[in-house]
Amino acid sequence: MTGSEVSPSFRLAYVPGVTPAKWVRIWNERLPDIPLHLVAVPAAEACDVLLGGDADAGFVRLPLPAERTDFSAIPLYTETTVVVIPKDHVVAAVEEVTTEDLADEIVLHPLDDVLGWERLPGRPAIERPATTADAIELVAAGIGVLAVPQSLARLHHRKDLTYRPLTDAPQSRVALSWPEDATTDMVEDFIGIVRGRTVNSSRGRAQPQAEARASKAPAKSPAKGQGKAQPKGKRPGAGGGAQRKAAAGKSPRGGAGGAKRGKPRRRS
């Protein structure tokens, strides 16, 4: 292999909270000759990673920054927002809460927040934690509570913490995104997988591979009696029965030697 011949691979970025395992499994089943490499990135750095060519596509959180107009994105799902609290917190006694229920709480607002609050509920903390992980530690220490997408609450699960749905909070949407000018065949393949296309309907490499497998299938042999040239002016099978009966010494109507059978004469 020369230096210019690089084995193809697909690099998929994903932000915290997203679990790409299902799509990775389908990729490996359909395109086993093209390795898929996962690239974990902070939510705020996902666009830079894609633009820098360190990943071919990625699962990101919407909305993208306003200046990022050179990206394509396919929204996939919207997450439930929850509030993370200590297990012995008063909020843990109810099934769900609203932002008004947090009016007297210190609501932590980490610098990597993905909810995009217009106005944070509750009382602000003296300082903003650097990361969601840092904010989780502060919740465990009884400093305040934290609103995050449910997947992040699960990612940072602790035995001494729990969470409840926050019904009127902003929500985070997850999307598959890639630079518009880098829509390669492999990106199209992955788009097909994410959108649930079958192998035969998927764009890119998956369809040619399926066609190639079909072209290698052995051709069916024609049924007995088919595919043979027929005498000109005759339909297939015409007269065949008469010819067989004549060869057996019978007429087409059942008589022997062509003689007509009648009733036996009565002897006098």
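The values are calculated or read from the model by the stated rules, or taken from the named source; none is laboratory data. Being a predicted model, the structure only gives us computed values, none of them experimental. Cβ sites come from the backbone with ideal geometry, for glycine too, and all protein chains shown count toward neighbours. In case anyone asks, the SASA skips ligands and DNA or RNA and just uses the protein heavy atoms, side chains included. Shrake-Rupley method; radii C 1.70, N 1.55, O 1.52, S 1.80 Å.
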Task: Pairs, first hydroxyl-bearing (S, T, Y) in the range 189-204, second modelled with pLDDT of 90 or more, C-beta under 8 Å, six or more apart - done: S201/G192; S202/R30; S202/D189; S202/G192; S202/I193
Task: Scope the range 82-103; condition open to solvent by 100 Å² or more (accessible area, probe 1.4 Å) and either of a type in the set (G, A, S) or within 18 Å of Q150 (Cβ to Cβ) (or both); matching residues - done: K87, E95, E96
Open item on the list: Against the condition under 23 Å from the mean Cα position of the chain (by Cα), open to solvent by 40 Å² or more (accessible area, probe 1.4 Å) and at pLDDT below 95, how does P35 come out, does it pass?
Closed with: no
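Could you say whether any residue in the range 60-70 is under 25 Å from P20 (Cβ atoms), within 27 Å of the chain's Cα centre (by Cα) and of a type in the set (V, I, T)?
In the first step, residues of the range 60-70 are kept if they are under 25 Å from P20 (Cβ atoms); the result is 60-65, 68, 70.
Those left that are additionally within 27 Å of the chain's Cα centre (by Cα): 60-65, 68, 70.
Subset that is of a type in the set (V, I, T): 60.
The answer is yes; a qualifying residue exists.
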Task: Index of the failed condition, R68 passing every other in (1) surrounded by fewer than 16 Cβ atoms within 10 Å (Cβ to Cβ); (2) in contact with a helix residue (DSSP H, G or I) (Cβ under 8 Å, 6 or more places away or on another chain); (3) at pLDDT below 95 - done: (1)
